[in-house]
Amino acid sequence: SPQSVPRLRAERRRLHGALLALASHFAQVQFRLRQVARAGPAEQQRLLRDLEDFAFRGCPAPLAHGLGDAPSEREKQEQIEVQKEKQRELILQLKTQLDDLETFAYQEGSYDSLPQSVVMERQQMIINELIKKLDMDLSEDIATLSPEELRQRVDAAIAQIVNPARVKEQLVEQLKTQIRDLEMFINFIQDEVGSSGKAEDGHCECAGRKDGGGSYKPNTRPSGNRVNPEDARKMRETGLHLMRRMLAVLQIFAVSQFGCATGQIPRTLWQKDQANKDYSPLIKKLELSVERVRQLAVKHQQEDHITSSSDLQDIPLGGRDELTLAVRKELTIALRDLMAHGLYASSQGMSLVLAPIACLIPAFTSSPQTMHPWELFVKYYNTKNGQAFVESPARKLSQSFALPVTGGVAITPKQSLLTAIHTVLMEHDPFKRSADSELKALVCMALNEQHLVSWVNLICKSGALVQSHYQPWSYMANTGFESALNILSRLSNLKFNLPVDLAVRQLKNIKDAF
């Protein structure tokens, strides 16, 4: 009948939709079965469980269409809600199926890029980390914010991190500029003092002139370039006072603003692998060399064949006695290696006035340069004004006439060490000898005078040298060189007569020949 035609059409549409849903469900089952067949043993169990859940989930119901008489308003709302719920379920199923298809295609190699779900998961992780690092307040729903508002919030969060660093850089640049001006002012004061000193020595320009006849006429105008020594001294004291005040203010400012102080070195300066460096092999090496030298010295004393300097004048380089070689090649090298443990040269790239902001200047970022132990002895010689002590008129006269300069008072180890370093420098520096050769000469001289322990102990007890040139993990800084001094003391009661100028003797002979 004509009334049954719409009903039959509706049933046909429902059957068509059900057939499509059944075909789609069957295709999904086939797809998942293929995944199970191609997966490894570890993944098959999980895929089988997913297939079981999917198979018993049933086909998605086709969307209902209005049939029969016109429903009421309430029934329309219920149908609309039911249709929306079914649409959401259908969308969720389609998304799941699409993710599975992308994953399968990516695993098979027919899809180049990552699946969209994996990409979105990683992007979300990055966004969450950025929000946490930038300390952004996104308590509100992001969907309610416009792109411009989101951009403004991100800019504000980044500015909170970047702006303090920029302000700190500007402050450091201003401090550097002020320090450079202060150094220029100090140099100017020193130049003025130097020029006044030359004038006092007699090397001044006379403020006069000659007329056409050659007669000299003094110039009545006072010279404006000369500085009164008293005024120069006052200017220098004023400049030093200003410098001290400026350094104090800079140090207070650096401590309050940046949390660093004078002499503070970043802990990351020293390499981590050096912090655990073992010095026990160096102690063992020194002990073996000392024992060998002691045995040879005792043997030479018993045989009365200790070689003196005069005996070696005609001996070629290959004929040096065994004791001398042991002292120079073994004992000195072992002592050098132990003293060089953790020894470094202080940085010359930073001015002293930059010390209050040392932690802000990137001069300490590189590893420190190594330093030879002989240079440590030379620094001790310079800090104690060794040249002025040795070259004093009284000592020059005592050397010329072989008279004692101390008036019966015993010479201290410090005086003898300064004299020995001066002697080594005067004999070896003109011939450009190496630091090893100079250290060997000093050790030979110390053994001859039986002062090796006392001289090394003077260096160990020099706090300024140890603090400024030894790293915190070094043997010197940790132990004070006590065990090494005890080992070296085994040679204190032995008498030696070792050549000191062995490295420069032939060069001096060649010089004397010409």
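Here are the numbers for the structure shown:
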{"item": "Solvent exposure of the range 117-190 as accessible area per residue, Å², 1.4 Å probe", "result": "79 Å²"}
{"item": "Which of S24, S392 is most accessible, then next, and so on - probe 1.4 Å", "result": "S24, S392"}
{"item": "Using a Förster distance of 22 Å, the FRET efficiency for K495-L288 (Cβ separation, nearest 0.05)", "result": "0.50"}
{"item": "Accessible surface of the range 117-190, 1.4 Å probe, proportion on carbon and sulfur as whole %", "result": "57 percent"}
{"item": "Stretch gain in nm, segment F431-R233, where the contour uses 0.36 nm per residue and the Cα spacing is subtracted", "result": "67.2 nm"}
{"item": "Of K234/K461; K384/K440; K432/K495; K176/K277, pairs whose Cα-Cα distance is over 32 Å", "result": "K234/K461; K176/K277"}
{"item": "Qualifying trypsin sites (Lys or Arg not before Pro) for the range 413-461 [loop in DSSP, other Cβ within 10 Å: at most 10]", "result": "K432"}
{"item": "Burial order of peptide ranges 420-430, 335-345 (average beta-carbon count within 10 Å, highest first)", "result": "335-345, 420-430"}
{"item": "Computed label-point distance, nm, for sites E75 and M125 using a 7 Å Cα→Cβ extension", "result": "5.4 nm"}
{"item": "Two-site label geometry, Q87 and S280: point separation in nm, points 7 Å out along Cα→Cβ", "result": "8.0 nm"}
{"item": "Surface accessible to a 1.4 Å probe, D53 within the full protein complex, Å²", "result": "90 Å²"}
{"item": "Residues in the range 39-55 reached by a label modelled at V118 [backbone nitrogen below 16 Å; 7 Å Cα→Cβ]", "result": "39-40, 43"}
{"item": "Loop chymotrypsin sites (Phe, Trp or Tyr not before Pro), the range 403-482, which have at most 16 other Cβ atoms in a 10 Å radius of their Cβ (DSSP)", "result": "W473"}
{"item": "Heavy-atom accessible area per residue - the range 419-514, 1.4 Å, Å²", "result": "44 Å²"}
{"item": "Projected label distance in nm at E169 and D53, using a 7 Å step from Cα toward the beta-carbon", "result": "5.2 nm"}
{"item": "Full-stretch length increase - A18, S483 - with 0.36 nm per residue and alpha-carbon distance subtracted", "result": "157.9 nm"}
{"item": "Overall form of the range 117-190 per C-alpha gyration tensor (a/c, 1.5; a/b vs b/c)", "result": "prolate"}
{"item": "Rounded FRET efficiency, nearest 0.05, which uses the C-beta distance separating Y106 from D135 and R0 of 30 Å", "result": "0.25"}
{"item": "The range 74-114 - percent of accessible surface contributed by carbon and sulfur, probe 1.4 Å", "result": "53 percent"}
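The values are calculated or read from the model by the stated rules, or taken from the named source; none is laboratory data. As the structure is a computational prediction, the values presented were derived from the model and not from experiment. FYI the Cβ positions are ideal-geometry reconstructions off the backbone, even for glycines, and counts take in every protein chain you see. Calculation scope for accessible area: heavy atoms of the full protein, side chains included, ligands and nucleic acids excluded. Shrake-Rupley method; radii C 1.70, N 1.55, O 1.52, S 1.80 Å.
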